[in-house]
Amino acid sequence: VVYFFDGQSIFNGAYGGQFGSWAADATMTPKSESGEWPEVIGVGIDSLSNQFNRAIEYTPPPDSFSGNAGRGDRTLAFLTDTVAPFIESTYRVRPGRESRTVVGSSLGGVMAAYTVWQRPDFAAHAFCFSPAFWIAGNLLTRFAQETPRDVTIYLDSGDRQFSFYSYSTPDD
């Protein structure tokens, strides 16, 4: 099972919001049908639509960006205690960490890294596309030092990265 953070962006471009669509089905389906990849189930976990709230939702505690405690631990608990048990009790999937992958980009990439860092017993694989590690202080350093060695991590960054994000709160 592949769990995607920012699930509204993974399949249909009409629902991708400002980030567009990953068109994950257009990649996963032909690869599975050809036998190049095993059959997989993609599960999209939508984020909150307000970018300020999304920053809190996808940021590990404490959150150096918004000044509030990040709620990434709540997002992680929702994935591990609610979403995954539902998927594994409803669909024919292989259970266990080796059969689970978490994927995200930007803040979702931070959340994917946070998932395997905090819960390596849950997922053994993370794909982190353009992860916004700058948002959480020294998270990348701690992540690199403390993540168990039996976790597979793919880190990627494009050539058009933002150097600073500007968010406003409803009170601004």
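Looking at segment 117-152, which of its residues are within 16 Å of Ser106 (Cα to Cα) and either of a type in the set (Ser, Thr, Tyr) or within 12 Å of the chain's Cα centre (by Cα) (or both)?
Hits for segment 117-152 are Ala126, Phe127, Cys128, Phe129, Ser130, Pro131, Ala132.
For residues that are at positive phi and at pLDDT 80 or above, tally how many sit in segment 2-30.
Looking only at that region, the number is 2.
Within segment 80-95, is there a residue that is over 13 Å from the mean Cα position of the chain (by Cα) and modelled with pLDDT under 90?
yes
Please specify each residue of segment 87-117 satisfying the condition of being open to solvent by 10 Å² or more (accessible area, probe 1.4 Å) and touching a Pro at 6+ places or on another chain (Cβ under 8 Å).
The answer is Glu88, Arg97, Ser105, Ser106, Tyr114.
On the given criteria, is Leu140 at pLDDT 85 or above, at negative phi and aliphatic (A, V, I, L, M)?
Spelling it out, it is not the case that Leu140 is at pLDDT 85 or above, at negative phi and aliphatic (A, V, I, L, M).
Residue under question is Ala55, and the condition is that it be modelled with pLDDT under 90 and crowded, with 16+ Cβ neighbours inside 10 Å; does it hold? If you could, list the steps in order and put the result at the bottom.
Numbers: modelled with pLDDT under 90: yes; crowded, with 16+ Cβ neighbours inside 10 Å: yes.
Judged against the criteria, Ala55 is a match.
Pairs, please: C-beta under 7 Å, at least 6 apart or cross-chain, first residue over 16 Å from Pro120 (Cβ atoms) and in segment 71-96, second among the charged types (D, E, K, R) and outside any loop (DSSP other than H, G, I, E, B)?
Arg71/Glu57; Thr75/Glu57
The values are calculated or read from the model by the stated rules, or taken from the named source; none is laboratory data. Because the structure is predicted, anything quoted here is derived from the model rather than measured. So basically every Cβ, Gly included, is an ideal-geometry build from the backbone, and we count neighbours across all protein chains shown. The protein model used for the area step is the full one, side chains on, heavy atoms only, and it has no ligands, DNA or RNA in it. Shrake-Rupley method; radii C 1.70, N 1.55, O 1.52, S 1.80 Å.
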